[in-house]
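Accompanying notes for the structure given below.
The values are calculated or read from the model by the stated rules, or taken from the named source; none is laboratory data. Everything numeric here is computed off the predicted structure, so don't read it as measured data. In this analysis, Cβ positions are derived from the backbone assuming ideal geometry, glycine residues included, and neighbour counts consider all displayed protein chains.
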Amino acid sequence: MTTSVLFLCTGNSARSVIAEALLKQIGGADFEAFSAGTDPKGLNPHTVKVLEQEHLDPADFHSKNMNEFIGREFDYVITVCDQAAERCPIFPGDPERIHWSFPDPAAVEGAEAVKMAAFLEVLGGLRRRIEPFVIVARDAAKVAGRN
């Protein structure tokens with residue numbers, strides 16, 4: 001059995017999608033990763049570029065509403081923006097709730113290089129959170145008998 005994780009943000013256009021992609025890449029078969037938004041807006045074009053730079057196929061990801069996951073059990077629900085943390089519903093099975101606050105790179109204005117830098121900064125920050133999370137979650141899964 002794998003460890004299931006739902007990443008939530010407001011638009012599901014950048015932060016939560018990048019987190020989902022990174023967990024799938026870093027965690028591999030030990031994890032089932034999903035992402036959704038409280039108010040999904042579709043993938044940001046810069047998210048697509050970041051995923052491509054990470055050698056992840058953007059076609060594997062799309063914006064989803066968190067309501068698609070109501071009633072589903074997760075081991076972890078991780079919010080990656082403050083607004084989503086405030087609006088996060090209760091999921092069955094009492095998943096561990098984690099909050100990682102990241103600024104919205106889609107809100108950055110300016111030249112293309114400035115926008116891309118904001119997305120890459122979020123990518124790096126998420127990677128720094130997800131790498132140790134994978135280690136801890138794998139250990140917790142072993143203790144719980146899930147892996």
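In this structure, does GLY124 turn out to be surrounded by fewer than 16 Cβ atoms within 10 Å (Cβ to Cβ) and at pLDDT 90 or above?
yes
Matching residues to (1) more than 14 Å from the chain's Cα centre (by Cα); (2) within 18 Å of ALA140 (Cβ to Cβ); (3) not aliphatic (A, V, I, L, M):
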site: ILE70; (1), (2), (3): yes, no, no
site: PHE74; (1), (2), (3): no, yes, yes
site: CYS81; (1), (2), (3): no, no, yes
site: ALA85; (1), (2), (3): no, no, no
site: PRO89; (1), (2), (3): yes, no, yes
site: ASP104; (1), (2), (3): no, no, yes
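What are the residues in segment 118-147 that are touching an Asp or Glu at 6+ places or on another chain (Cβ under 8 Å), in a helix (DSSP H, G or I) and under 12 Å from PHE31 (Cα atoms), if any?
Scanning segment 118-147 gives VAL134, ALA137, ARG138, ALA141.
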